[in-house]
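Structure record follows, encoded as structure tokens.
The values are calculated or read from the model by the stated rules, or taken from the named source; none is laboratory data. Note that the structure is a prediction, hence the values are computed from the model and not measured. Note: ideal-geometry Cβ built from the backbone for every residue, glycine included; neighbour counts use all protein chains shown. Ligands, DNA and RNA are stripped out before the accessible areas are found, and what is left, the full protein with its side chains, is counted by its heavy atoms. Shrake-Rupley method; radii C 1.70, N 1.55, O 1.52, S 1.80 Å.
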Number of protein chains: 2
Amino acid sequence: MKSSFAFRPLALNLLLQLVIVAGVTQADEGMFPVSEIARMKLTTLGLTMDPADIFNAERACLVDGICRVNGCTGSFVSPQGLILTNHHCAYAAIQKASTKDHDYLANGFVARNLADEIPAPGYNVRITESFEDVSSRVLNVVTPTMSFLERTKAIEKQQRALEKEAETNHPGMRAEVAEMFVGERYVLFLYTFIKDVRLVFAPPSSVGNFGGEVDNWEWPRHTGDFSFMRAYVGRDGSSADYSPDNVPYKPKRVIKVQPQGVNENDFVMLLGYPGRTVRHNTASFLQYEQAVRLPFVVELYGWQIATMEAAGENDRAVALKLASRIKSLANVEKRSRGQLQGLHQLKFAARRKAEEERLQSFIESDPQRRARAGNLLSEIDSVYKEMAAQGQLELTLKNLTAASQAMSLAFSIVDSVHERKKPDLEREKIYGDKVFNQTSKTFFLQQNDLHLPVDELMLAEMLRRLAALNAHQDINAFSPILQSPESIEAFAKSSVAATKLGDAEFLKTCLSLSPIALQKVDDPFVKLMVELYPTYLQLREKDKDREGRLSRLYGELFNVKREFSLAGQGSTGVLVPDANGTLRLTYGRVEGYSPVDAVYKAPITSLTGMLAKSTGMEPFNSPHKITELYAARDFGSYRFKDKNDVPVAILYSTDTTGGNSGSPVLNAGGELVGLNFDRTFEATINDFAWDHSYSRSIGVDIRYVLWITEKVYGANHLIAEMGIH
Amino acid sequence: MKSSFAFRPLALNLLLQLVIVAGVTQADEGMFPVSEIARMKLTTLGLTMDPADIFNAERACLVDGICRVNGCTGSFVSPQGLILTNHHCAYAAIQKASTKDHDYLANGFVARNLADEIPAPGYNVRITESFEDVSSRVLNVVTPTMSFLERTKAIEKQQRALEKEAETNHPGMRAEVAEMFVGERYVLFLYTFIKDVRLVFAPPSSVGNFGGEVDNWEWPRHTGDFSFMRAYVGRDGSSADYSPDNVPYKPKRVIKVQPQGVNENDFVMLLGYPGRTVRHNTASFLQYEQAVRLPFVVELYGWQIATMEAAGENDRAVALKLASRIKSLANVEKRSRGQLQGLHQLKFAARRKAEEERLQSFIESDPQRRARAGNLLSEIDSVYKEMAAQGQLELTLKNLTAASQAMSLAFSIVDSVHERKKPDLEREKIYGDKVFNQTSKTFFLQQNDLHLPVDELMLAEMLRRLAALNAHQDINAFSPILQSPESIEAFAKSSVAATKLGDAEFLKTCLSLSPIALQKVDDPFVKLMVELYPTYLQLREKDKDREGRLSRLYGELFNVKREFSLAGQGSTGVLVPDANGTLRLTYGRVEGYSPVDAVYKAPITSLTGMLAKSTGMEPFNSPHKITELYAARDFGSYRFKDKNDVPVAILYSTDTTGGNSGSPVLNAGGELVGLNFDRTFEATINDFAWDHSYSRSIGVDIRYVLWITEKVYGANHLIAEMGIH
């Protein structure tokens, strides 16, 4: 990380006050902001490199070799912008590039040279360049007389304003103000932003997704979940849209790939962009998740997945179209199931409630503190109780515009037409001038996947669910539609038959209309959405009102918790910020665990184990070439120590969540020995709490990555590009 | 074992020639006849008792404390005939004793004194008293001109004749001629036979069947699968039917219960009555199992279980009625699935084929041997090919009289009426004079479980399957019924409505009729069965013909395999007789295993682990009392060494199969430290082959048995009766 921004050292100082690093242990909860690394005593845990070479505000360092690839993480593994990330992170790119005749999901893809590389529309890469604490500038806009809705809008607007200011000062970069602690701490991050990303190498799904949904969120694992992509920039080195004239991006730092891999008990650390955790939330939030939201998601997504799988069963083209959606729904569905199971089994809500009772006693032990904070917990409680009470209707309405792609597109049209009329800084973030180009691309990509027969099923089902909730009593637009099962069927059928939302020109036209002109558009989905829009605006404002209340309450709660912690009573862990898509470091060891009584899971799997699992039937259908090479014991230089075998996947006790997909697993010397891609089923609960006994992350072993790349697919040029041999 | 029979030492000598004990290892394939114990060098493996005290023809020994309880094994654990066996072995007794008001399956049962003990109709207990090799006397009846059908019938008749002779010489005892090696070796066993068996103590199913079908055939396990029963005899000590005047049986030897249990790596041995293995069968048999019979069973039983579960869902009385059948079908269904998986994954058929190719080369290497045995394997092959070709129809017909209880009763009536007309020794075994009383009791017990609504579903489904196989083309009796789906429905409906088979008097009358009189019985099932009977006779004769062919072929193959083995080329394991329901010893160690890559399963589970699994929902609903005692850490003297916990189940590398249920797990001193009740899923394949890497048996730890008995249900009188404290 190298930067000319004067505020970098300052940022360090400010952040240092946030995080209290707990006693040094072999593995610990925490997705630490990189600003904390200097204080983390990683050397005593086994780190052999200079910690100042992981993150350094003054010169190029390890984090300069790490990038965010859409919602995932990647590593630059060559000076030519070659990125190593997960197969499932590149999945949408592989899917878009695939046709019936060139089915790269089924057969894999190898670009033999730069010219063969395939553009990945919708992909971008960002590299953290600097950060600055802007809490006071953000919170300054809040006045005591504001409503909670106004509070949320003012904070959002100020975040956008600060981003705009930073981007004006640093042309070509992307700025983002991230909330580190709700209502309390805000940090401005500046990113290099690359828009031309291409697919370089992807193994077939039978490698990259070996085990599929059966093995997803499970250990032991035998998935070769990796792909290579490449970042391109204009000839002058600046960020540019795709052009054949673009040239590979030259990263400030290359992550060294270590072909010797890692061993059991070794120290490892991950750098990456974990997406979202909610560990500071109260017991009443956990109760809402356990009783309302997670069961809703598990049930609805389960139904959607089954419906789409049935639709694609006898038609590979339809299956390809729906593959990415099914995969992402299945991922969330199983994670949610794991979280539900964890919440029930580990009695998280009750345990957090007990912690809060101790905190409440602490609050009440001092009259001033009591006056200031005595009602915080009960006020937070009342927000979640309201969410629980209105949960079924709100979740069903929100999922109507997610389940039906036509409804989703219609919402995007109506919403963007209205939002784009507002001053830039007052819009919902995705409609801001700086990102709208990117946002509108996603609309057209989504349109590609629109499959009307499935959409009709989704729409009818969501309408039936709304009817069961008596939604038409409150929402006029639904009145005629939700009258009876027959009227629902008829509406779904006729709308899907009549809609023009599958037409790119139509979509483009709609997006360019004024709100008034939109009312005259003759499309059943657009018509319905124009009528429903006030309902959705109401939902959004209700959310922002709650967000405003929670922002104030959690901001104050954070301060009390800090006092509690400094008084030696609270857990110090509460002072590590939740994951929020910004750069973090986590560390641990390569180690197994015991998920249940009398079962121990060891931390390294093997090719032998993978072949024992291979049935020849999807998702356990490894390519024939692997069987051949295995039979010949042709393992190149990727043998596992003294064993005549190749290690496939590794397990380690780091603290990760979604967004850490593709994170490099680094050894004590900062060399890449694996690629993070998943967590164990028990560790799905990480989003709520981390524990050394069950929280394990899963990565593909670099030796397997290299063996597949070199031996199975003969991509020796990539091996050479990484400087391996 | 104490006996006055002169032939006991002789038997020893003869059997010794059969089994070649392989090199001494820590655990080994083999369900060894007790005659082999003296040669097995158990002392070098860790046995601390005198091997001559396990089995001794001259004086009371350990095997005198072991009994067969119906199809299970039990141990005499007090001088008052108290038997310790599995909950699932006592299940039918508990079920029969249960009513809506006294639901002993749900609540458990404790007899506070002898008078409270509940008779277990249909149960009997046998104790092995002696054995004698009678191979030459059996095979003497075979003449060269006999057809294969005649051969089978002659051998069966001679077996019955030898049994009758022995029972005449030893009044009150039960004799059985067991085939040790097909067509080659026959041994006459004499048993003490006890007909009055009573239920003494059963934990509720939430303990005795904790984990239910979910955990069945799985490890780790937390099932308290034990019950106490008691054997009763007449006042003069002789076997007698149930009478309130009967007195507890006094066993010649009591198995000492060792409350300190066992530790990891300890030597253990089991004595018991393993039911049936088929390890000497050829690759073509495995092929038949894999391609025809097992898939048929898995599919059909799966359907039957689902149908019965649906029927009992909202009616506890119906559920109770069907519980035992569901349990036994589910057990076979899952075992069959495990076997199918093992056959596929381990490629057993191909491996056995390769062994047979080596054997064939050995046969062909000598012209004389070739002349004598050159075609044996191919002739065996042709029998199984014939079975495979006719498998669907034959299996469907056989399952028609198993799936429908009314059809089953009708068959029993027609078959017994015909068989009972024959001379005693020529009948099918179950209709012989000595056992018919017992056999007919099972008819009436089965009648108790007849549930006509479910029977109608079963009947219609089996008829639909026969129609799909075009059975009516060959079987006239089916012609009008199998015409159309409607005619099937109509027949099933009207037959179930009209049948009198639910009436005990009617059943009794039918059983007493002559074949001619039977033809006039006005019951739709009896009428159909009278017409179908020739078809079933044909099936039986076809089976006997195949049995005759296989008997001759396998008998000759055995001799060749012995030569092969003595020539140092074949596996010595082939010379250990298959399980056949006679007394056997197996040994191994308490040890874990690795079922798949990166997973290790440890051999002892704990109460802590059991409670972690408890959800409060069946089958994971442990009684509240257990939770209470656990919370209070009230573990009595049943703690697991240094841990503040009670061990629940244990895993060990012995060689077991069905029939070993209830077998005592004995420590090196011959003391009871557990009760065998299951195998791991991987070990379902034991019936075809045993391997140290995956074959593990599962038992309940004696400390859990005693803790439940004493602490949870306060049956201190049983603890005292076992001499514990």
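Tell me, yes or no, whether region B:271-290 has at least one residue that is in contact with a strand residue (DSSP E or B) (Cβ under 7 Å, 6 or more places away or on another chain) and more than 30 Å from B:GLN345 (Cβ to Cβ). Yes; the residues of region B:271-290 include at least one that is in contact with a strand residue (DSSP E or B) (Cβ under 7 Å, 6 or more places away or on another chain) and more than 30 Å from B:GLN345 (Cβ to Cβ).
Checked against the criteria, B:LEU459 does not count as open to solvent by 10 Å² or more (accessible area, probe 1.4 Å) and modelled with pLDDT of 95 or more.
If you go through region A:643-676 and keep only what is more than 14 Å from chain B (Cβ to nearest Cβ) and in contact with a His (Cβ under 7 Å, 6 or more places away or on another chain), you end up with A:SER653, A:SER661.
Selection of region B:587-603 for residues being touching a residue at least 24 places away in the same chain (Cβ under 8 Å) and at the interface with chain A (Cβ under 7 Å from one of its Cβ atoms) yields B:LYS601, B:ALA602.
Of the residues making up region A:124-141, just one is hydroxyl-bearing (Ser, Thr, Tyr) and surrounded by 23 or more Cβ atoms within 10 Å (Cβ to Cβ), namely A:THR128.
For B:PHE506, the test of being in a helix (DSSP H, G or I) and at pLDDT below 95 is failed.
Within region B:500-537, work out how many residues are within 27 Å of the chain's Cα centre (by Cα) and not hydroxyl-bearing (Ser, Thr, Tyr).
Applying the first criterion (within 27 Å of the chain's Cα centre (by Cα)) to region B:500-537 yields B:536-537.
Subset that is not hydroxyl-bearing (Ser, Thr, Tyr): B:537.
Residues that pass the stated criteria total 1.
Of the residues making up region A:482-507, those that are without any contact (Cβ under 8 Å) to a residue 24 or more places away in the chain and within 29 Å of A:TYR431 (Cβ to Cβ) are A:LYS500, A:ASP503, A:GLU505, A:PHE506.
Just to be sure before I move on: is B:ILE66 farther than 23 Å from B:SER328 by Cα and either open to solvent by less than 40 Å² (accessible area, probe 1.4 Å) or more than 18 Å from the chain's Cα centre (by Cα) (or both) in the structure I sent? Taking the combined requirement at face value, the residue satisfies it.
Listed by position, the helices (runs of 4 or more DSSP H) enclosed by region A:337-442 that each have at least 2 residues that are in contact (Cβ under 8 Å) with a residue 40 or more places away in the chain, within 30 Å of A:ASP523 (Cβ to Cβ) and open to solvent by less than 20 Å² (accessible area, probe 1.4 Å) are A:391-403, A:405-419. The number of residues in region B:604-627 being within 7 Å of another protein chain (Cβ to nearest Cβ), without any contact (Cβ under 8 Å) to a residue 60 or more places away in the chain and not hydroxyl-bearing (Ser, Thr, Tyr) comes to 1. Looking only at residues in region B:186-221 that are crowded, with 24+ Cβ neighbours inside 10 Å and within 14 Å of another protein chain (Cβ to nearest Cβ), the one that is farthest from B:VAL599 (Cα to Cα) is B:PHE210.
Only residues that are under 25 Å from B:SER35 (Cα atoms), of a type in the set (A, V, I, L, M) and at pLDDT 95 or above were counted in region B:181-223, giving 4.
Of the set (1) charged (D, E, K, R); (2) free of Cβ contacts under 8 Å to residues at least 24 places away in the same chain; (3) open to solvent by less than 10 Å² (accessible area, probe 1.4 Å), all apply to B:ASP642 but (3). Of everything listed in (1) touching a helix residue (DSSP H, G or I) at 6+ places or on another chain (Cβ under 6 Å); (2) at pLDDT 95 or above; (3) over 29 Å from B:ARG126 (Cβ atoms); (4) open to solvent by less than 30 Å² (accessible area, probe 1.4 Å), the single unmet condition for B:TYR536 is (1). A:GLU165 meets the conditions (1) part of a helix (DSSP H, G or I); (2) in contact (Cβ under 8 Å) with a residue 12 or more places away in the chain in every case but one. The failed one is (2).
Regarding A:GLY224, is this residue within 14 Å of chain B (Cβ to nearest Cβ) and either in contact (Cβ under 8 Å) with a residue 60 or more places away in the chain or of a type in the set (Gly, Ala, Ser) (or both)? No: the conditions fail for A:GLY224. Scanning region B:132-169 for residues that are touching a strand residue (DSSP E or B) at 6+ places or on another chain (Cβ under 6 Å) and farther than 15 Å from B:GLU547 by Cβ yields B:GLU132, B:ASP133, B:VAL134, B:SER135, B:LEU162, B:GLU163, B:ALA166, B:GLU167. If you go through region B:544-587 and keep only what is under 21 Å from the mean Cα position of the chain (by Cα) and within 21 Å of B:ASP691 (Cβ to Cβ), you end up with B:VAL576, B:PRO577, B:ASP578, B:ALA579, B:ARG584, B:LEU585, B:THR586, B:TYR587.
For every residue, the table says whether it meets (1) in contact with a Lys or Arg (Cβ under 8 Å, 6 or more places away or on another chain); (2) under 30 Å from A:GLY616 (Cβ atoms).
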{"residue": "A:MET173", "(1), (2)": "no, no"}
{"residue": "A:PHE181", "(1), (2)": "no, no"}
{"residue": "A:ILE194", "(1), (2)": "yes, no"}
{"residue": "A:GLY208", "(1), (2)": "no, yes"}
{"residue": "A:ARG221", "(1), (2)": "no, yes"}
{"residue": "A:SER238", "(1), (2)": "no, no"}
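Kindly evaluate A:PHE148 against the criterion of being more than 30 Å from A:GLN95 (Cβ to Cβ), in contact with a helix residue (DSSP H, G or I) (Cβ under 6 Å, 6 or more places away or on another chain) and open to solvent by 50 Å² or more (accessible area, probe 1.4 Å). Spelling it out, A:PHE148 is indeed more than 30 Å from A:GLN95 (Cβ to Cβ), in contact with a helix residue (DSSP H, G or I) (Cβ under 6 Å, 6 or more places away or on another chain) and open to solvent by 50 Å² or more (accessible area, probe 1.4 Å).
Annotation note: Cβ proximity below 7 Å between a residue of region A:51-77 that is without any contact (Cβ under 8 Å) to a residue 40 or more places away in the chain and a residue that is small (Gly, Ala, Ser) (sequence gap 6+ or interchain) occurs for A:PRO51/A:ALA38; A:ALA52/A:ALA38. Checking the stated criteria, A:CYS72 turns out to be closer than 19 Å to A:ARG584 by Cβ, open to solvent by 10 Å² or more (accessible area, probe 1.4 Å) and within 26 Å of the chain's Cα centre (by Cα). Here B:THR654 passes the criteria (1) open to solvent by less than 10 Å² (accessible area, probe 1.4 Å); (2) touching a helix residue (DSSP H, G or I) at 6+ places or on another chain (Cβ under 8 Å) except the one numbered (2).
Does A:ASP424 satisfy the condition of being charged (D, E, K, R) and under 20 Å from A:LYS544 (Cα atoms)? Answer is yes for this residue.
Select, from B:ALA471, B:ALA460, B:ALA492, the only residue that is under 16 Å from B:VAL526 (Cβ atoms) and of a type in the set (Gly, Ala, Ser). Walk me through how you get there before you give the answer.
Working: B:ALA471 fails: under 16 Å from B:VAL526 (Cβ atoms); B:ALA460 fails: under 16 Å from B:VAL526 (Cβ atoms).
Step by step, each of B:ALA471, B:ALA460, B:ALA492 is checked, and only B:ALA492 is under 16 Å from B:VAL526 (Cβ atoms) and of a type in the set (Gly, Ala, Ser).
Taking the criterion of being under 22 Å from A:ASP449 (Cβ atoms) and open to solvent by 40 Å² or more (accessible area, probe 1.4 Å), the residues of region A:494-530 that qualify are A:ALA497, A:ALA498, A:LYS500, A:GLY502, A:ASP503, A:ALA504, A:GLU505, A:LYS508, A:THR509.
A count restricted to region B:565-576 and to residues that are open to solvent by 20 Å² or more (accessible area, probe 1.4 Å), in a helix (DSSP H, G or I) and not β-branched (Val, Ile, Thr) stands at 2.
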